[in-house]
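*Asks:* Quick one: the structure is below, questions incoming.
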Amino acid sequence: GKWYALIFPLKLEKLGFSGAIAEREVEVVNLKVEPTEIVNLLSKDGIFPSYHMSKKSWVSVVLDDSLSDVELWELVTQSRSLAAPNLLGRSQGPNFWLIPANPKYYDIDAEFAENKIIDWTQKASIKKEDYVGIYITAPSRTLRYLCRVLEADMDNNGYRNHPDIKRLMRIELIRQFDDGKFPASVLKELGVSNIRGPRRMTKELIEKVEETLND
């Protein structure tokens with residue numbers, strides 16, 4: 001029941017452009033952000049002070065591939081949680097998150113077999129002491145791992161050799177679920193579907209996950 005992403009066409013002149021390019025019309029999305037992150041976000045290509053909304057807590061993002069899909073999805077997820085935080089997760093204590101892992105690109109099973117504590121790309125507004133569930137994408141399509149965040153918003157410092165990875169979080173494996181415990185069909189019953197980027201767990205899923213912590 002609250003706005004968290006507004007997509008609309010806009011001429012670039014409204015974002016401060018001048019000259020011939022100012023008449024170009026682009027697709028823009030307005031997203032809510034943490035006020036403390038405004039300066040850093042506005043330093044990135046494709047992100048501008050918000051058009052027609054408070055510039056203290058909103059930005060306008062031009063949908064022209066200036067940002068990677070990962071960065072854009074994280075901003076959308078964060079905006080969703082900031083706009084109506086009480087409708088997702090919990091109001092007190094650590095937050096519970098879901099993030100996808102594609103085995104075609106990253107062998108998370110081998111990583112955890114070698115080390116129970118790993119550094120992962122910082123996702124959304126995940127913070128220290130939060131819980132992170134790692135959802136294995138097709139063909140498995142199941143929530144396989146539950147981790148606790150030991151540190152968040154760490155400098156990459158070359159650990160992950162990818163230009164889009166600026167920050168890292170350190171996570172510790174605390175539970176590995178049998179693939180039949182939380183498959184996609186069960187997650188859907190608990191209000192979770194289309195796990196394409198970081199998102200908060202629903203209250204229903206949190207209750208089920210917390211039961212496993214008390215086993």
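The values are calculated or read from the model by the stated rules, or taken from the named source; none is laboratory data. Since this is a predicted model, take the numbers as computed values, not measurements. Glycine also receives a Cβ, built like all others from the backbone with ideal geometry; neighbour counts cover every protein chain displayed.
*Asks:* For segment 22-57, name all the residues that are acidic (Asp, Glu) and touching a residue at least 24 places away in the same chain (Cβ under 8 Å).
*Replies:* If the condition is that a residue be acidic (Asp, Glu) and touching a residue at least 24 places away in the same chain (Cβ under 8 Å), then Glu27, Glu34 are the ones that fit.
*Asks:* Which is within 17 Å of Ala124 (Cα to Cα) and in contact with a strand residue (DSSP E or B) (Cβ under 8 Å, 6 or more places away or on another chain), of Thr36, Thr77?
*Replies:* Checking each option against the conditions leaves just Thr77.
*Asks:* In addition: Quick one: which strands (runs of 3 or more DSSP E) sit completely within segment 95-153 and have at least 2 residues that are surrounded by 15 or more Cβ atoms within 10 Å (Cβ to Cβ) and touching a Cys at 6+ places or on another chain (Cβ under 7 Å)?
*Replies:* Numbers: elements: 96-101, 117-121, 131-136.
Correct list: 131-136.
*Asks:* In the list Ser79, Ser60, which residue meets the criterion of being among the hydroxyl-bearing types (Ser, Thr, Tyr) and either modelled with pLDDT under 95 or in a helix (DSSP H, G or I) (or both)? Before you say what the answer is, go through the steps one by one.
*Replies:* Values: Ser60 fails: either modelled with pLDDT under 95 or in a helix (DSSP H, G or I) (or both).
Exactly one of Ser79, Ser60 is among the hydroxyl-bearing types (Ser, Thr, Tyr) and either modelled with pLDDT under 95 or in a helix (DSSP H, G or I) (or both), namely Ser79.
*Asks:* Here's something else I'd like to know. Can you confirm whether segment 10-33 contains a residue that is more than 21 Å from Glu71 (Cα to Cα), among the small types (Gly, Ala, Ser) and in contact with a Leu (Cβ under 6 Å, 6 or more places away or on another chain)?
*Replies:* So in segment 10-33, the residues more than 21 Å from Glu71 (Cα to Cα) come out as 10-14, 16-25.
From the residues that got through so far, the ones that are among the small types (Gly, Ala, Ser) too are 16, 18-20, 22.
This time we only want the ones that are in contact with a Leu (Cβ under 6 Å, 6 or more places away or on another chain), so: 22.
So far as segment 10-33 goes, yes, one or more of its residues are more than 21 Å from Glu71 (Cα to Cα), among the small types (Gly, Ala, Ser) and in contact with a Leu (Cβ under 6 Å, 6 or more places away or on another chain).
*Asks:* Taking segment 177-215 only, how many residues are surrounded by fewer than 14 Cβ atoms within 10 Å (Cβ to Cβ), modelled with pLDDT of 95 or more and in contact with a strand residue (DSSP E or B) (Cβ under 9 Å, 6 or more places away or on another chain)?
*Replies:* So the count comes out to 3.
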